[in-house]
Amino acid sequence: QVQPVESGGGLVQPGGSLSLSCVFSGGTFSIYSVAWFRQAPGKEREFVAAISSSDSPWYGDPPRGRFTVARNNAKNTAYLHMYRLNIEDSGVYFCAAGSGVPIAASSGYTYWGRGTQVTVSQ
């Protein structure tokens, strides 16, 4: 059973940066596509970014140009590096893994972490 565990969330000021990590256990990490989603209070879960098993990144519209997704198969870890954060980036960030090609829908991913809170505030 693949189990992702996110970390790295916290409080950051507008314009700041934050990096999230997601460590996977219980499976062969390198074969999975990995995605990051986020959810703000009262809003639907939103696709942020994904990276394929062949290391190709893909980004959703809101964070495009400000976020970078990466993976390190040797460490069974995926990353989301976030720059120039604004208040609208606040929310719970989830990582997820799926065996298919990365897509922007939650249904494309089987294994989910519990999330890590990111708060952008003065």
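The values are calculated or read from the model by the stated rules, or taken from the named source; none is laboratory data. Quick caveat, the model's predicted, so the values are computed rather than measured. For neighbour counting, all protein chains shown are included, and Cβ atoms are generated from backbone atoms with ideal geometry for every residue, glycine included. Areas reflect the complete protein model, heavy atoms only, side chains present, ligands, DNA and RNA absent. Shrake-Rupley method; radii C 1.70, N 1.55, O 1.52, S 1.80 Å.
For the reader, a short list of remarks on this structure follows.
- Some residue of the stretch 98-107 being out of contact with any helix residue (DSSP H, G or I) (no Cβ under 8 Å at 6 or more places or on another chain) and part of a strand (DSSP E or B): no
- In the set GLY42, GLY26, only one residue is modelled with pLDDT under 95 and in contact with a Phe, Trp or Tyr (Cβ under 9 Å, 6 or more places away or on another chain); that residue is GLY26.
- Here ALA35 clears all of (1) closer than 17 Å to ASP89 by Cα; (2) out of contact with any Leu (no Cβ under 7 Å at 6 or more places or on another chain); (3) among the aliphatic types (A, V, I, L, M); (4) surrounded by fewer than 21 Cβ atoms within 10 Å (Cβ to Cβ) except the condition numbered (4).
- All conditions but one from (1) assigned to a strand (DSSP E or B); (2) open to solvent by less than 50 Å² (accessible area, probe 1.4 Å) apply to GLY27; the one that does not is (1).
- Filter result (surrounded by fewer than 24 Cβ atoms within 10 Å (Cβ to Cβ) and in a strand (DSSP E or B)) within the stretch 39-54: GLN39, GLU46, PHE47, ILE51
- The stretch 55-79, subset among the charged types (D, E, K, R) and assigned to a loop (DSSP other than H, G, I, E, B), residue modelled with the lowest pLDDT: ARG64
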